[in-house]
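Trainee: There's a structure below that I have some questions on.
The values are calculated or read from the model by the stated rules, or taken from the named source; none is laboratory data. This is a predicted model, so every value here is computed, not measured. Backbone-built Cβ (ideal geometry, glycine too); neighbour counts: all protein chains shown. To get the accessible areas, we keep the full protein, side chains included, count just its heavy atoms, and leave off ligands, DNA and RNA. Shrake-Rupley method; radii C 1.70, N 1.55, O 1.52, S 1.80 Å.
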Amino acid sequence: MLLQPYLQNGDRIELVVEDNKDDPALTAKSLKKLVKEVKVSAIITFSSTSPVLAMAKVADEYSTPILATLATHPDITKHNGFVSQLGFDDDFQGTVAALFVRDELLIDKVAVFSYPNDAYSSHLTSTFESKFKSIGGEITDTISLTEETGDLSKIIKNVRDNTPELLYLPISAKDLVRIIREVRKLDWKPEM
């Protein structure tokens, strides 16, 4: 695929697309291929946090600029000189979310659902909880969603019994829909 116009020096811009399937191991392999075999000048990635963290670990080795458009973990840009983020990092997002919930929505009690093994979800959770507590908020529950997570219906009932006013959900759409369904079955209406 060619883009126009040409660069000021007359070089053309050519897009080379590589599907990393949002997999960290495949991402590192793709990075090596693009730099060493295809000889790209720069990389724009639309991957999530974990694959971009894998790229960031070796970015300096390849001396190729990388722009992460979606990945937001703060470690993506630490300890390397070649990776930049387009969006706000998770420290900023988690802090702003906590301030908004407490100061704008005037909510005192929150339950949090997250993935403990996902860098994006766990870091947002940690940042949100830390800031929310530091400004007088209460975290009623922190639910870790894993493959071993038990009966979601029972978990939601237990969370409801602790009376949070809001559910903070840095999780996938699939699990978000599952939680919304269970909340509706209980005719419960927390903010989310």
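Trainee: Taking a 1.4 Å probe, which of Glu191, Glu147 shows the most accessible area, and what order do the others take after it?
Mentor: These residues rank, largest area first, as Glu147, Glu191.
Trainee: Which ³J(HN,Hα) values, rounded to whole Hz and listed in residue order, are derived for region 73-84 from phi using the Karplus coefficients 6.51, -1.76 and 1.60 in 6.51 cos²θ - 1.76 cosθ + 1.60 with θ = phi - 60°, glycine and proline given as x?
Mentor: Running phi through 6.51 cos²θ - 1.76 cosθ + 1.60 with θ = phi - 60° gives 5, x, 6, 4, 9, 7, 6, 8, x, 10, 10, 10 Hz.
Trainee: Restricting to Cα pairs below 8 Å that are 6+ residues apart, what does the relative contact order work out to for the chain? Please round to a whole percent.
Mentor: Rounded, it is 14 percent for the chain.
Trainee: Same structure, new question: Which shape class applies to region 110-192: rounded if a/c is under 1.5, otherwise prolate when a/b exceeds b/c and oblate if not, where a ≥ b ≥ c are the square roots of the Cα gyration tensor eigenvalues?
Mentor: Note, shape of region 110-192 comes out oblate.
Trainee: Compare the peptides 127-134, 9-16 by average per-residue count of other Cβ atoms within 10 angstrom and give them in order, highest first.
Mentor: The packing order, highest mean first, is 127-134, 9-16.
Trainee: If you don't mind, there's one more thing I want to ask. Give the accessible surface of the chain per residue, rounded to a whole number of Å², with probe radius 1.4 Å and ligands, DNA and RNA excluded.
Mentor: 59 Å²
Trainee: With Cα extents along the principal axes in Å defined as stated, name the option among (1) 71, 49, 32; (2) 47, 41, 29; (3) 64, 33, 30 computed from the structure displayed.
Mentor: Identified label for the calculated read-out: (3).
Trainee: If you don't mind, another one. Could you give the size of the charge dipole of the chain about its Cα centre, using +1 on the Cβ of each K and R and -1 on the Cβ of each D and E, expressed in debye and rounded to the nearest 20?
Mentor: In total the dipole reaches around 320 debye.
Trainee: Hey, another quick one. Sum up the charges of everything whose Cβ sits under 13 Å from the Cβ of Arg181, counting Lys and Arg as +1 and Asp and Glu as -1, but leave Arg181 out.
Mentor: +1
Trainee: Ignoring ligands, DNA and RNA, please state the percent of accessible area on the chain from carbon and sulfur, probe 1.4 Å.
Mentor: The nonpolar share, carbon plus sulfur, comes to 52 percent.
Trainee: I want to verify a result. In a Gaussian network model of the chain, Cα cutoff 10 Å, which of these has the top mean-square fluctuation: Tyr120, Tyr168, Tyr62?
Mentor: Tyr62
Trainee: Which entries in Lys33/Lys78; Lys32/Lys131; Lys21/Lys185; Lys21/Lys78; Lys21/Lys157 show an alpha-carbon gap greater than 29 Å?
Mentor: Violating the 29 Å Cα-Cα cut-off are Lys32/Lys131; Lys21/Lys185; Lys21/Lys157.
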